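Note sheet for the following structure.
The values are calculated or read from the model by the stated rules, or taken from the named source; none is laboratory data. Note that this is a predicted model, so its numbers are computed, not measured. Neighbour counts are summed over all protein chains in view; Cβ atoms, including those assigned to glycine, are modelled from backbone coordinates with ideal geometry.
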Amino acid sequence: MQLTRFTDLGLRVVMRLAVAAEGDRPGSRQVAEELAVSYTHATKVITRLAELGIVDARRGRGGGLAITELGRTASVGWLARRLEGDGEVVECDGAQPCPLRSGCRLRSALRRAQEAFFASLDTVTIDDLTQSPTRAVLLGLPRPADTNFQFSSAIGE
Ligand code: SF4
């Protein structure tokens, strides 16, 4: 099974924030640059992470992004399910619905496989993801030259 880029980016952002020093609240533009992703994509996923209570995003002076306690302890499976949404592995009911969909054993088998995939991630927490060697990689990410970003109306920027 393949995760969407949205989910992968969400997990990357959370891992980055999980290693931030106490009181360090990077902005969304800084996080996007560090993770080498587009700012637009980063803000979309950060907005979703904030809705889920995984990230605390504040605007203005003293604002920025921080991981919440829920974010640290959440399971990767829990978070991946919410970032992925309710979509199935294959699209059976799309613009050209599959004629087998009224009674397809493959569909139910794929649903079980999808659930098993997420269940295998339920035993892993975000904290687990940021242990060695990932922690050192995250801490060694090149910081943007200008980290003194101005705050704007964008979430957590
Ligand atoms: S064969 Fe089954 S799983 Fe595949 S598209 Fe058709 S209904 Fe869905």
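Every residue, every condition in (1) among the hydroxyl-bearing types (Ser, Thr, Tyr); (2) free of Cβ contacts under 8 Å to residues at least 40 places away in the same chain; (3) in contact with an Asp or Glu (Cβ under 8 Å, 6 or more places away or on another chain), yes or no:
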site	(1), (2), (3)
Arg12	no, yes, no
Met15	no, no, no
Glu34	no, no, no
Ser38	yes, yes, no
Gly53	no, yes, no
Trp78	no, no, yes
Gly85	no, yes, no
Glu91	no, yes, no
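Checking Leu139 against (1) in contact with a helix residue (DSSP H, G or I) (Cβ under 7 Å, 6 or more places away or on another chain); (2) more than 11 Å from the ligand (Cβ to nearest atom), only one condition comes out false. Which one?
Leu139 satisfies every listed condition except (1).
Cβ-Cβ distance below 7 Å, separation of 6 or more or different chains: which pairs start in the stretch 93-107 with a residue that is among the acidic types (Asp, Glu) and end on one that is modelled with pLDDT under 95?
Asp93/Arg101
For the stretch 98-119, state whether one or more residues are closer than 26 Å to Asp24 by Cβ and not aromatic (Phe, Trp, Tyr).
no
Can you work out which of the residues in the stretch 18-32 that are over 14 Å from Gly63 (Cα atoms) and touching a helix residue (DSSP H, G or I) at 6+ places or on another chain (Cβ under 8 Å) is surrounded by the most Cβ atoms within 10 Å (Cβ to Cβ)?
Restricting to residues being over 14 Å from Gly63 (Cα atoms) and touching a helix residue (DSSP H, G or I) at 6+ places or on another chain (Cβ under 8 Å), the top hit is Ala32.
If you check Leu106 against the conditions, is it modelled with pLDDT of 95 or more, surrounded by 11 or more Cβ atoms within 10 Å (Cβ to Cβ), within 16 Å of the ligand (Cβ to nearest atom) and over 12 Å from the mean Cα position of the chain (by Cα)?
Yes, satisfied.
Looking only at residues in the stretch 44-103 that are closer than 21 Å to Leu9 by Cα and within 16 Å of the ligand (Cβ to nearest atom), which one is surrounded by the fewest Cβ atoms within 10 Å (Cβ to Cβ)?
Asp86
Assess whether Arg25 counts as being over 14 Å from the mean Cα position of the chain (by Cα), modelled with pLDDT of 95 or more and part of a loop (DSSP other than H, G, I, E, B).
Here the answer is yes, as Arg25 does meet what is asked.
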